[in-house]
1. Take Thr235 and Asn368, extend 7 Å from each Cα along the Cα→Cβ direction, and tell me the distance between the two endpoints in nm.
2. Remind me, relative contact order of the chain in percent, using alpha carbon pairs under 8 angstrom and six or more residues apart?
3. Calculate how steeply helix 1153-1190 sits against the longest principal axis of the alpha-carbon atoms of the chain, using the helix alpha-carbon long axis, and give the answer as 0 to 90 degrees to the nearest 10.
4. Show me, for segment 443-453, the HN-Hα J-couplings you get by feeding each phi into the Karplus relation (A = 6.51, B = -1.76, C = 1.60, θ = phi - 60°), rounded to Hz, glycine and proline as x.
5. Using Rg and Dmax of the Cα atoms in Å as the read-out, say which of [x] 35.3, 130; [y] 57.6, 148; [z] 36.7, 122 was calculated from these coordinates.
6. Mind pulling the angle between the C-alpha long axis of helix 949-962 and the longest principal axis of the chain? Nearest 10 degrees, somewhere in 0 to 90.
7. At a Förster radius of 45 Å, what calculated FRET efficiency corresponds to the Cβ-Cβ distance of Asn762 and Ala583, to the nearest 0.05?
8. Relative to the longest principal axis of the chain, what angle (0 to 90°, nearest 10) does the C-alpha long axis of helix 991-1001 take?
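A short reminder: the numbers here are calculations on the coordinates, not readings from a lab. Here the structure is a predicted model, which is why all the values come from computation and not from measurement. Cβ coordinates were reconstructed from backbone atoms using ideal geometry, including for glycine residues, and neighbour counts include every protein chain displayed.
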Amino acid sequence: MATFELIPANSEILAIHAALLPIGPKGKVIIFGGDEHNQAQAGRDAYPANPTDVDNTRIYDADTKTIIGCTSPTTDVFCSGHAFLGDGRLVIGGGTESWEGGAGPGGGHGHGLGNFGGHQACWVYNYLRNNWDRIADFNFDNTFCKTGGGRWYPTLLTLPNGDLIAFSGHPSRRSDNWHNNDIPEKYSQTSQRWNWIKPTASALNFYPRIYLVKGGLLFICVAEDGTSRFYNPVTGDFEGASASAPVEDIYTGWDNTSVLLPLLPNENYRARILMCNDVNPKKIDLEAATLGWQNAGTRTGAAAGKVRKFGISTILPNGEILVLGGVDNSGLDTTAVLEPEVYEPGINWSTGTYSNVESWQSLAADPNSVARNYHSTNILLPDGSVFTAGSSHNVSSGDPATVGEMRMVIFKPDYFDNPSRPTLNSTAVSTTYGKQISIDTPDAGNIQRVALIRNGSNTHAFNPDQRYVGLNFIKFSADKLIASIPTDPSVLPPGYYMLWIINNAGLPCRLAKFIRIAFQNCEIITDHSTFSVLEIDAQPVGNAVFQNAFYVVYDGFLPSELNNFSVAPNITFNAVIGGASIADMSAIHVDTLYENPSLPPDVPQKVTFVFNIRFTSNNAFSFAELSKDVRISATLLQNTCEAIVNLTKAPNPYMVDGSTSWLSVDLRVFQMKEGGPTRATIAQGSSGNIFIGQLLDRFNDRSIYTTDEFHPFNDISTDLNTSQLEWLETSEGVRVFNYAVAKVRYKAPVPTPPSGANDAINVKVFFRLFNAAITNAIYNPNGNYNKAGTGGNTISVIGKEGGLITSIPFFAEPRVNYSASLMASQTDPRNMKTLPAKGNVESVVYFGCWLDFNQPGQMIPVNEDATHATSLVNLQTSVRGIHPCLIAEIYFEDDPTRVGATPGSSDNLSQRNLVIAHSDNPGSLSTHTVQHTFEIKPSQFSLPTNHHGHEMHMEAFDARKQRRGPDFLIIHWNNLPRDSKIVVYMPDVKTDDILALEDYARLSPTKIKKEDENSFSFISSDINYIPVPGGFQKNIPGLLTIELPNNIVKGQLFKVLVQQARFYGNARRIIGSFQFNIPVSTAERILKIEMRNLSILQYVRQTMATTDPWRLIFDRYITGVSDKVDGLGGNASNVPAAPDDRWLYNIDKDLPMADTIIKLFNHCCKRISFLLLIIFVILAILLIYLILKTE
């Protein structure tokens, strides 16, 4: 028998609004009332409501049946709308700005007190912290020829992607003469802002009854034009079939109750809606052949024939609809309907279809029944009871202590005390679409149904959040069920639900469990995806470690759902074929990175676990084949993701990266000054080709260097701040030459008898410079890694993508005369060698080139005909960054580099991709700002343009599972101060497109803020993920700017890592990386560095064509460096555009070398003489002081 239980405590405030919170076993209900329908507490046109007067929020604890205090929004949320975000937090939108009648400040609203001024303020309740945050307000000005916004009596609704949409409501009295805010707005969880859609073709009632239905459309029960119809929340248009609304007056206003009937999997979640305040209840089947409202059975018993104005309908876990409260059209409490009614919608639960006859049952009134009039609320609780509170007696306004109902009552349906109710012990705390969850119950053999009921939020007889979604399930064991979560978020919008199990007798479990349905993703991103036994043997015995080999990324999870991220996922390595565990291969968790560490615990996070891979022996390579695929599995609680890496033992020439693939230890660079110190006894003369030729001959002379232990290659510095290349022709007025040397290794068995059959013959190394720091090192033999010729005549040539030069080849031999010859005619014999097989002894050969990109007179071809170049450009001015990227490629026909390989996945490729920019300390913002250019590869994925918002979000979610979707820039900020501001400028990309990609693909809030049409910014954290747009035929250039805080200290060195990740096969992997080093120094030390940088940047900028995509980047880059020079005490206006720094030392470049040295000597002498003069003056002053003191 159904009963009412009067709770001893009262509500303390008028519970006009209520919502279920997922806290505690039985939940908590937050209730609030704003001004509580009391004019004395409300605001006026001239001043807002006093926050103290509208501080009327409480929490009902269903476990203890007590009222708990709670802070309130500081604006008046009386008659606001509310709904749950996809992350489970309640958002309140609008409310009462002003309680006045007559003409408003905006010139309109010449009506009485019937419509109050709507508020713009919106709030989110953080249920784990028990506090409120004001989020973005509703918009006020718009482009639809109407002034004013805000909403009083609006409806808010959760969309399939977890965003919100707001409809209707009376606008602010500061607005002009319009009385229904008929411009819907959508709130994005990602960008955290409201956006107008467009005015609806027909205005909607206040608090319009609207439901999200399968397919992502919204069904509006009654519009002001008397129709019921579908609304597209993306286009803002009505579409599809429409029907005439019910004729009964009570159904056309905002005081009726309606409910979305249970959605069943056996009917593919077909939607039906019930309206039931009138004597004649109505229902509509949204997939009927003819759309129209029909009678919904006949009410019976004591409640039959009674109007239930302001009554509330609630879905019960057994699938029935409970109707409580209501009065007749007079609004008087004396006409209150005290009898509960239950509607059985005609579901045959044995078949899971609507095939039975619907029915109504009127239950007996209870002594504890309370009249529930206008402003009452009902909420279903996890124990199956219904919380009821609130009511304005006789629809009266005034002091709620007098005219408000403060008693709270719990309604217990007839199943409540039944001892045969099943028990639900545990299930997942969260899950995602298309996934299976386990349900632990000792009653598994007697369960007929599994269902999810969304946490409700109720006001003004309407609960837009509640919905019942049946689940398919199987009995897994005597105490376990496995249920399947639907794949369609328009059926099951993200948020918190109660999970119910119902037995064969129709009894729901004693206590449901809260579960958050969310877009969640786990993926592994590999940075080192191929491991050679040769690499293992080249490292210390028993401890071959590959740093940052892969990342495990969890996105869309609350910290509490993954042990607060305090425990790293468990990692296993198994053969793809057969599943055997891989011996002596393990993962080492080295770091946990938060994209936004400041996010509170009730907001989803994106967290990255960083792992090294370690081989303690080469037993992992004990297989007969030349290679084997290995599956990496990462598991954290019930969340598992996988990726594939490859183990290979094919003998091949290789280079070792060392700890990081973007700074290979086997590829080194250095500078030589003409006439300066020697290297390996070789002096730098006037020819770069002669020097590198002599150096390579000496490096490869085994009669001199019998072992590698004392080889001069080891003397080439690997220090990241000194081993850099020079873009200007000179340094301190002396000509500079740049070089690269690669160390190539080889191991292969010696045949018996020895024959040289296993030697690696005609091994070549191609050196290429990419014109900026790049995140795209993908091996593409027809693009960046372009070649000409065949066999032994193969040579590297200019690389292009989208018709633009992206890579430039370099050689040990002099370049051919491109005006008379083709690039393919280039020879480079010093970079073709044979590596002999020596068994377990490693063969080593050195290759190298002169990096002549700083030579002003050197030209390179852009286009060629059959015999020679048809157009040439200056090599020095083809570079687009102070620190470009260098990649060396081993070319060996017996071991071709795989298309799609990267330096991180192939030991045929090694790179030096390092950017260095100096910061001042102390100094100003301009001197604490560092910049550098970069170039990224556009995504292969383009944002859909013809989909609904929910379809786009679902497609993005599916893309993760199907291993598709946009690339991401992944930026590791490492030790960079966490309050640094980052600005990314890409003139070819619209910032709005980046934000659209964020909305499309992100599961946690974005940090990105729009700076201008082509720039966005954010504050650094541990790590950031930025989506890369697609649809481009060429690479995307950009400028990365970092504004450091004032508290940096001289001597600090900050290191930032920028990577690009792309889907390949079953997982994302890194396709390129560069490191950005920021040493902190003083103005005196870095002023000349910045002046030299400014000089070459200006020189290159003046050579750019008007169509060059880098022009705008250089304009901004030059402005930043100019400001920095001025801030350091220099004068940027005096810095000329020049290819060298002779101007800085007042040296004539036409002087002979001997004269140049003499002039430099004189320059130094002048500086020394000046210093001696200062010392002399100081000593003289000191002597005079001592004499005077003695006297």
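1. Output for this residue pair reads 5.2 nm.
2. Once divided by the residue count of the chain, the mean separation gives 8 percent.
3. Tilt of helix 1153-1190: around 70 degrees.
4. Result, ordered by residue: 9, 4, x, 10, 9, 9, 9, 10, 9, 10, 10 Hz.
5. This structure yields the entry labelled [z].
6. The answer is roughly 50 degrees.
7. The formula returns an efficiency of 0.80 here.
8. Computed tilt is about 60 degrees.
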